[in-house]
Amino acid sequence: MEKTLAEIAHIVNGKIIGSGNITITGVTNIALAGEHDITFAVEPHLQEAENCNAGAVLLPNTITDFAKTAICVEEPRAAFTKLLEVFNPPLTIRRGISEQAFIGQDVKLGENVSIMPFAVVDDHAIIGDNVILYPHTYIGQHVKIGDDSLLYSNVTIREFCQIGKRVIIHSSTVIGADGFGYITKDGKHSKVPQVGNVRIEDDVEIGAHVGIDRATTGSTIIGQGTKIDNLVHIGHNCEIGANNLIVAQTGIAGSTIVGRNVTFGGQTGCVGHIHIGDNTVLAARSGPISDIPANVFYAGFPARPHQEWLRNQVASKRLPEMMKTIRDLEKRLKKLEQDKC
């Protein structure tokens, strides 16, 4: 694809610094950009962008003077994202049901669906309009999948689970595996039946190799607009609010209730049966072990306010020195006590 800088400026509603006749053939980051690519830059990367090889740069509209050809826009990141979509249109997917797919009894299929080879749609499932099922997906009995959803290869949706509209689920994710529930008696573990389901609301995206367990009873819920990275585990009966961001290798134990707009940094490990308030940020490798209020930034294990954690980290670096000082003081005190005797 080729577009002039003037055409691109029209697409992103920006103002050009320099010539609008430059031809752009690609969109990429500063380090990889060549003479026919466009990239974007905000502080503190403006100097780096001036010295890069890009043909043009998307900049904040507060910039009036720049050493390279540029387009000034209100939100460079948003403009960059839009251009990525323009220069990289979605794949063309053949619509229809492959002869090599399996469709069970009493299945309801919407219009314009794509069910690829070796996909399985089990009995009584309901598939909405424009749904795409890649090869080797398994859709269990009585599952409901909303319009415009996309399931990549090897995704498993177990029985009775519900997937909303415009949901994207990446390869090898399992929705609705049994929750980890056992009764231990006389040293033996007996399984507690897991008879609930998982409910994924609209506009959720779930990464690869994610496990979201079905509820013991009731539903495990993932709220509207939440985005889940790869290798995340969410236990049974969790209720995850809307617009959360859950980064890779996070584990959230069962029956945890999470508010709206919460961010879990990578490798966060959360105990079960706690409440986490709206707009909370948990730094990477945090360990929440009790309720966390709304509108806070927590870090560390056990998770605590970020500034408190930073002070503790600074103090911990002085521990060897402090221990030496304490030992010296103990020796001096002991000598003083001996001298008094």
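The values are calculated or read from the model by the stated rules, or taken from the named source; none is laboratory data. What you are looking at is a predicted structure, and each value in this text was computed from that prediction instead of being measured. Counting neighbours? That spans all protein chains shown, and the Cβs are built from the backbone with ideal geometry, glycine included. The area values use the complete protein model at the heavy-atom level, side chains included, leaving out ligands, DNA and RNA. Shrake-Rupley method; radii C 1.70, N 1.55, O 1.52, S 1.80 Å.
Okay, residues lined up against (1) touching a residue at least 12 places away in the same chain (Cβ under 8 Å); (2) touching a strand residue (DSSP E or B) at 6+ places or on another chain (Cβ under 7 Å); (3) open to solvent by less than 10 Å² (accessible area, probe 1.4 Å):
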position	(1), (2), (3)
Asn112	yes, no, no
Pro117	yes, no, no
Ile126	yes, yes, no
Ile132	yes, yes, no
Gln141	yes, no, no
Ile145	yes, yes, yes
Leu150	yes, yes, no
Ser153	yes, no, no
Phe160	yes, yes, no
* Asked: Among strands (runs of 3 or more DSSP E) lying entirely in segment 166-270, which contain 2 or more residues that are open to solvent by less than 50 Å² (accessible area, probe 1.4 Å) and in contact (Cβ under 8 Å) with a residue 12 or more places away in the chain?
  -> 174-177, 197-200, 211-213, 219-222
* How many of the residues making up segment 161-181 are farther than 20 Å from Cys238 by Cα and touching a His at 6+ places or on another chain (Cβ under 7 Å)? -> 1
* Report whether or not Arg77 is within 30 Å of Lys144 (Cα to Cα) and either at pLDDT below 95 or of a type in the set (Lys, Arg) (or both). => no
* Report yes if some residue within segment 182-204 is over 15 Å from Ile252 (Cβ atoms), modelled with pLDDT of 95 or more, in contact with a His (Cβ under 9 Å, 6 or more places away or on another chain) and small (Gly, Ala, Ser); otherwise report no. => yes
* Only residues in segment 298-312 that are open to solvent by 50 Å² or more (accessible area, probe 1.4 Å) count as the first member; pair them with residues that are basic (Lys, Arg) and not in a helix (DSSP H, G or I), Cβ under 8 angstrom, at least 6 apart or cross-chain, and list the lot. => Phe301/Arg285; Asn312/Arg304
* All strands (runs of 3 or more DSSP E) inside segment 1-103 with 1 or more residues being loosely packed, with under 15 Cβ neighbours inside 10 Å and of a type in the set (Lys, Arg) -> 15-17
